[in-house]
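Note sheet for the following structure.
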Amino acid sequence: MATPNVPLWEVFIRSRNGLAHKHVGSLHATDATLALQAARDIYTRRGEGLSIWVVPSNAITASDPAEKGMMFEPAETKIYRHPTFYDVPDEVGHM
Amino acid sequence: MYTQALNSSDGDDRGVEDVARANQFQARIDADERIEPNDWMPAAYRKTLTRQISQHAHSEIVGMLPEGNWITRAPSLRRKAALLAKVQDECGHGLYLYAAAETLGTSREELVDGMLSGKAKYSSIFNYPTLTWADIGTIGWLVDGAAIMNQIPLCRCSYGPYARAMIRVCKEESFHQRQGFEIMVTLCRGTAEQKAMAQNALDRWWWPVLMMFGPPDQVSQHSDTSTKWKIKRFSNDELRQKFIDATVPQAEFLGLTIPDPGMKQNENGNWEHSPIDWDEFKQVLAGNGPCNRDRLAARRKAHEEGAWVREAAMAYAEKRKSRQRAQAAE
């Protein structure tokens, strides 16, 4: 008999002080406590982290990949937001 | 760690649902873009990957059995701790891979049931027994060595979740191979009896390990589609050759003889092996290897005996949820 679907969790780990939590993968667990323990066992066997977040996958709202053109176009056309857009005379050196 | 002959695709994409989308998809692959779970993909791409990734996951899980067999009999505490850590890694690798396979739309329960029912395959190498401690060394050295050859190109596979899982796996795999080789070095520097045990293990594992790379290119089915989709980046024979060329000097270092008297080095420096007994490979894949029945029986027993834990955890989560609902209603 197939076991009923166990909820899916997304796992985020902060590797060092000063860095942000980063998505590392997902796992199944019946509740948050077990999800944290499983995340510890599956994703931090070699000192990968100082902090773990587990988030129910269905609590994440994601942008639609089919609309990524429209979603990100506004930024793509604004190259003047990047420092390399601006000319600094060579004599000035590194800025 | 262990893909093998799994990277053959389910047919090609003829009669694909939408030609324009299929062309766009192929253009993205050609531009080396990664395909992500919610992106459009041809049904055959989804099916091929679901099968390959889940079979890879099953292989990791079944792969714990032959090595787990030696944990309680490891010759020292150091060896025991390393073997235990390695087997835990295999479990972790299986779990990363199941999670990657699930992103394609098949539930974990269905994937696991496919393995337990015998419908889904796993790497044929785990249907061979681990008779002596030297087998543990040989598995790390050769089986994991072969797996690394197979897996490094998969880190650049076109499907994002699979590629990311493989990056994690490959980082951890190198420890497996080195601990295996260290066991072999120790045995080969030991007594004549220990060295004979190492040679015996190599004799038994060599040919099954060469089979791990899958059938020769001229008979490998559908491998063109997998190559076109950048799931597969090197052919079975290319990877096998790379593995042999890397392994021959290691065997020489150990003072062991590769059990292929016909093997010779050609003018390009590649070692050419004698013909492989593909009938044996087919027999093992068909379920008639030395340990097929044992392996499946062990997995089924573990799954059944763990059922009460899964049920209890679900019941506890339900109880807490309903208690919280009742408190919120007060």
Region A:20-41, residues that are farther than 19 Å from B:Ala317 by Cβ and aliphatic (A, V, I, L, M): A:Ala20, A:Val24
Any hit, region A:1-19, residues being within 19 Å of the chain's Cα centre (by Cα), more than 8 Å from every other protein chain (Cβ to nearest Cβ), in a strand (DSSP E or B) and charged (D, E, K, R): yes
Any helices (runs of 4 or more DSSP H) falling wholly within region B:41-124 and containing at least 2 residues that are more than 14 Å from chain A (Cβ to nearest Cβ): B:43-62, B:64-68, B:77-102
Odd one out for B:Tyr98 among (1) free of Cβ contacts under 8 Å to residues at least 60 places away in the same chain; (2) buried (at least 20 other Cβ atoms within 10 Å of the Cβ); (3) closer than 20 Å to A:Arg46 by Cα: (3)
Residues of region A:40-52 that turn out to be outside any loop (DSSP other than H, G, I, E, B), more than 13 Å from chain B (Cβ to nearest Cβ) and either without any contact (Cβ under 8 Å) to a residue 40 or more places away in the chain or surrounded by fewer than 10 Cβ atoms within 10 Å (Cβ to Cβ) (or both), as a count: 1
Filter result for A:Leu27 (free of Cβ contacts under 8 Å to residues at least 60 places away in the same chain, assigned to a helix (DSSP H, G or I) and within 14 Å of another protein chain (Cβ to nearest Cβ)): no
Residue, farthest from the other protein chains (Cβ to nearest Cβ), within region B:277-299, restricted to residues that are surrounded by 12 or more Cβ atoms within 10 Å (Cβ to Cβ) and among the small types (Gly, Ala, Ser): B:Gly289
Where B:Lys319 falls short, out of the listed (1) in contact with a Phe, Trp or Tyr (Cβ under 8 Å, 6 or more places away or on another chain); (2) without any contact (Cβ under 8 Å) to a residue 40 or more places away in the chain: (1)
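Each row is one residue, and each column tells you yes or no for (1) out of contact with any His (no Cβ under 9 Å at 6 or more places or on another chain); (2) modelled with pLDDT of 95 or more; (3) within 14 Å of chain A (Cβ to nearest Cβ); (4) more than 30 Å from B:His58 (Cβ to Cβ).
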site: B:Pro249; (1), (2), (3), (4): yes, yes, no, yes
site: B:Leu254; (1), (2), (3), (4): yes, yes, no, yes
site: B:Gly269; (1), (2), (3), (4): yes, no, no, yes
site: B:Glu272; (1), (2), (3), (4): yes, yes, no, yes
site: B:Lys301; (1), (2), (3), (4): yes, yes, no, no
site: B:Glu305; (1), (2), (3), (4): yes, yes, yes, no
site: B:Ala312; (1), (2), (3), (4): yes, yes, yes, no
site: B:Arg320; (1), (2), (3), (4): yes, no, yes, yes
Residue in region A:67-75 that is over 20 Å from the mean Cα position of the chain (by Cα), assigned to a loop (DSSP other than H, G, I, E, B) and more than 14 Å from chain B (Cβ to nearest Cβ) present: no
Residue count, region B:268-284 (criterion: assigned to a loop (DSSP other than H, G, I, E, B) and without any contact (Cβ under 8 Å) to a residue 40 or more places away in the chain): 5
The one condition in (1) closer than 24 Å to B:Ala100 by Cβ; (2) outside any loop (DSSP other than H, G, I, E, B); (3) within 12 Å of chain B (Cβ to nearest Cβ); (4) β-branched (Val, Ile, Thr) that A:Val55 fails to fulfil: (3)
Scope region B:238-270; condition within 22 Å of B:Asn200 (Cβ to Cβ) and touching a strand residue (DSSP E or B) at 6+ places or on another chain (Cβ under 8 Å); matching residues: B:Ile244, B:Val248, B:Met263
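The values are calculated or read from the model by the stated rules, or taken from the named source; none is laboratory data. Just so we're clear, the structure is a prediction, and the values are computed from it rather than from any experiment. Note that we place each Cβ from the backbone using ideal geometry, even for glycine, and neighbour counts take in every protein chain shown.
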